[in-house]
Structures are given as structure tokens and as C-alpha cells.
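The values are calculated or read from the model by the stated rules, or taken from the named source; none is laboratory data. In this text the structure is predicted, and so the values were computed from the model without any measurement. For neighbour counting, all protein chains shown are included, and Cβ atoms are generated from backbone atoms with ideal geometry for every residue, glycine included.
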Amino acid sequence: MDVERQIDRNELRIGDALLAMGKHVRLFERWTDATRTSYVAYDSGSTPVKHQVYVRARPGEYDYVPIRYDPR
């Protein structure tokens, strides 16, 4: 049973995740502005956990799939 579903990047809201299979997971916090070209997230995958701004158009950014917890 799946407990998550893929969502569109523009639907991201606090607590959603961006998953790069076999690499990292980022927990979305917020968009930096109304253009939604960058966002703040927690990045887990190595120590220490990073809390920083990520730019959507950056190389490799589209390896991350936005997902939302959905325990139907």
C-alpha cells in the first residue's frame, strides 16, 4: 500500500518531500517568493542535515520528485 503520491512542483507545501531515489530526500519548507523559482528545504542524506535555499532550474534539480504523504 502506497502512503504517498506524486504531486506537481507548484503544489508543494510545508512538509511535502522531494525525493531523489537512492540519493537524498528534501523536506519542503517554503517558496522564497511568488515566482516559485527557488525554495527553502531541509536536505537529508549526509551529516549534517542542511537547511538552505535551492534553485529549481539548477542542474540535477529535476532528479527530485515532489511527493505528499497520503495514507488513504
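List pairs: first in segment 47-72 and more than 13 Å from GLN6 (Cβ to Cβ) and at pLDDT below 90, second of a type in the set (A, V, I, L, M, F, W, C) and part of a loop (DSSP other than H, G, I, E, B), Cβ under 7 Å, 6+ apart or cross-chain?
PRO71/VAL3
Could you tell me whether segment 60-67 includes any residue that is part of a loop (DSSP other than H, G, I, E, B) and surrounded by fewer than 11 Cβ atoms within 10 Å (Cβ to Cβ)? Spell out how you get there, then give the answer.
Within segment 60-67, the first condition is being part of a loop (DSSP other than H, G, I, E, B), and the residues that meet it are 60, 64.
Then drop every residue that is not surrounded by fewer than 11 Cβ atoms within 10 Å (Cβ to Cβ), which leaves 60.
There is at least one residue in segment 60-67 that is part of a loop (DSSP other than H, G, I, E, B) and surrounded by fewer than 11 Cβ atoms within 10 Å (Cβ to Cβ).
Taking only pairs six or more apart or across chains, which ones have beta-carbon atoms under 8 Å, a first residue in segment 3-22 that is more than 18 Å from ALA57 (Cα to Cα), and a second residue that is in a strand (DSSP E or B) and small (Gly, Ala, Ser)?
Going by the 8 Å Cβ cut-off, the qualifying pairs are GLU4/ALA17.
Among what's in segment 15-42 and is among the hydroxyl-bearing types (Ser, Thr, Tyr) and either part of a strand (DSSP E or B) or in contact with a Lys or Arg (Cβ under 7 Å, 6 or more places away or on another chain) (or both), pick the residue that is surrounded by the fewest Cβ atoms within 10 Å (Cβ to Cβ).
Step one: filter segment 15-42 for residues among the hydroxyl-bearing types (Ser, Thr, Tyr), giving 32, 35, 37-39, 42.
Filter once more, so that each one left must be either part of a strand (DSSP E or B) or in contact with a Lys or Arg (Cβ under 7 Å, 6 or more places away or on another chain) (or both): 37-39, 42.
Working: THR37: 11, SER38: 15, TYR39: 20, TYR42: 14.
The residue in question is THR37.
Output the residues belonging to segment 25-46 that are free of Cβ contacts under 8 Å to residues at least 24 places away in the same chain and either in contact with a helix residue (DSSP H, G or I) (Cβ under 9 Å, 6 or more places away or on another chain) or of a type in the set (A, V, I, L, M) (or both).
Scanning segment 25-46 gives VAL25, LEU27, ALA34, VAL40, ALA41.
Answer with yes or no whether ALA41 is of a type in the set (Gly, Ala, Ser) and in contact with an Asp or Glu (Cβ under 9 Å, 6 or more places away or on another chain). Spell out the reasoning first.
On the way: of a type in the set (Gly, Ala, Ser): yes; in contact with an Asp or Glu (Cβ under 9 Å, 6 or more places away or on another chain): yes.
The answer is yes for ALA41.
Being touching a Leu at 6+ places or on another chain (Cβ under 7 Å) and at pLDDT below 90 is the filter here, so list the residues in segment 5-25 that pass it.
Correct list: VAL25 only.
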